[in-house]
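Here's the structure, in structure tokens; my notes come after.
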Amino acid sequence: MRLATLTSGGDCPGLNAVIRSVVRTASNEFGDTVVGYEDGWVGLMEDKRRDLYDDAAIDRILSRGGTILGTGRLHPDKFKAGIDTVRRNLAEAEVDALIAIGGEGTLKGAKWLADNGVPVVGVPKTIDNDVNATDYTFGFDTAVSVATEAIDRLHTTAESHNRILIVEVMGRHVGWIALHAGMAGGAHYTVIPEEPFDVADICKSMERRFQMGEKYGIICVAEGASPKEGTMEFQAGEEDEFGHQTFTGIGQIIGDEINRRTGYDVRTTVLGHTQRGGTPTAYDRVLATRFGVHAARAAHNGDHGTCVALHGENIDLVSLEDAVGQLKTVPEWRYVNARALFG
Ligand code: F6P
């Protein structure tokens, strides 16, 4: 049998671990070969592919960040218009099943292909951890580790200068990275997209710290955060060509407002793509590898239209439909518990 794989959407630490795992499992367990499409759905449309061999080169990519296949984004309308090309390219390459590794958008694309008769298995990836069907996605642990280390470092410089330091982390629609890094790094306030913030409350919290003698503060802000209506001026970003909302620098905006209201010295650090680059943590390598093993088996065994998912200790197969139904947002109770530590 011949399997194909691709990585699509924003990159994520652990993608190479999945690719390696798919290739090794396909070869070791079934004697299957694997072809890799380059640059995500774009490469599948343009038939940009190469054979992936179960050799020393594939073995060495386990700890490497990024994706050896490259990644890309394709507007859903262009993707749908190209269904015949996809079918033709897969048939010409004699591919029996495709393993699509990606986040919400990629899995939606995979579901659409499956609905149209293309044999697909999905592997969820995103540092944002917002895929509903799985307890965790690989990449998240690495992103949280990077953000936590940054917060650890910000404590000492903030304290030395009696400053408030804001760290803006990724999280377009959900605040998992902010919630976990804020908690692990001991941030004094955390702001997530799910819970619109009141800057007056953040100021009060910082003022209390200063009155108590702690003359610095760390605030962890998810990039997709927005203020409660009527609490401060705010202009949301436009949508980009792929329908993704762009951001206007909420960390800086909050910092300016705190400075204006309290007079404290405030600086903002935006971690941006440092959270996505570089080597995956051991946890992410293991999760990505386990996903790859199960995805290769599902693709070989004809369990198409499914997606691998972590449930507790187990890797299960869920339907692609369930995987893309809705985003996994931070539940209110998790934020309430995090709030207990603010200040
Ligand atoms: O992978 C998800 C994500 O990391 C978001 O948190 C972030 O907004 C987005 O990707 C940015 O990706 P890019 O800069 O590639 O558009």
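The values are calculated or read from the model by the stated rules, or taken from the named source; none is laboratory data. Since the model is a prediction, treat every value here as computed from it, not as a measurement. Virtual Cβ from ideal backbone geometry, glycine too; neighbours counted across all protein chains shown. Note: areas computed on protein heavy atoms with side chains; ligands, DNA, RNA excluded. Shrake-Rupley method; radii C 1.70, N 1.55, O 1.52, S 1.80 Å.
Quick notes on this structure:
- Chymotrypsin sites (Phe, Trp or Tyr not before Pro) lying in DSSP loop within the stretch 196-259, provided at most 15 other Cβ fall within 10 Å: F242
- Spin-label model distance (nm) - H75 vs D96, 7 Å beyond Cα toward Cβ: 3.8
- The label-point distance for E159 and K228, in a model that sets each label 7 Å from Cα toward Cβ, rounds to 3.2 nm.
- For the chain, the 222 nm mean residue ellipticity estimated from helices alone, with every DSSP H stretch of n ≥ 4 adding -39500 (n - 2.57) and the total spread over all residues, rounds to -12000 deg cm²/dmol.
- Cβ-placed point charges (K, R +1; D, E -1), dipole of the chain about Cα centre in debye, nearest 20: 620
- Under a model in which nothing but the beta-carbon of Lys, Arg (+1) and Asp, Glu (-1) is charged, the stretch 1-107 shows a dipole of about 220 debye around its Cα centre.
- Taking all protein chains as they are arranged and a probe of 1.4 Å, the heavy atoms of D256 leave approximately 90 Å² accessible to solvent.
- Cα-centred dipole magnitude for the stretch 152-209, charges only on beta-carbon of K, R (+1) and D, E (-1), debye, nearest 20: 160
- Pairwise FRET efficiency - E321 versus Q245, Cβ, R0 = 22 Å, nearest 0.05: 0.35
- All lysines inside 25 Å of K48 as judged from Cα atoms, apart from same-chain residues fewer than 8 positions distant: K78, K80, K108, K111, K125
- Taking 15 Å as the cut-off, the amide N atoms of the stretch 80-118 that come nearer than this to a point 7 Å along the Cα-to-beta-carbon line of D47 belong to 83-95.
- Built amide H within the under 5 Å cut-off of K125, gap 5+: G102, G103
- Whole-Hz couplings from phi, Karplus 6.51/-1.76/1.60, listed for the stretch 324-334; x for Gly and Pro: 10, x, 8, 6, 8, 8, 6, x, 4, 5, 5
- Per-residue extension of 0.36 nm, minus the Cα-Cα distance of K204 and S63, leaves a gain of 46.4 nm for this segment.
- The slack in the chain from T274 to D84, taken as 0.36 nm per residue of separation less the alpha-carbon distance, amounts to 64.6 nm.
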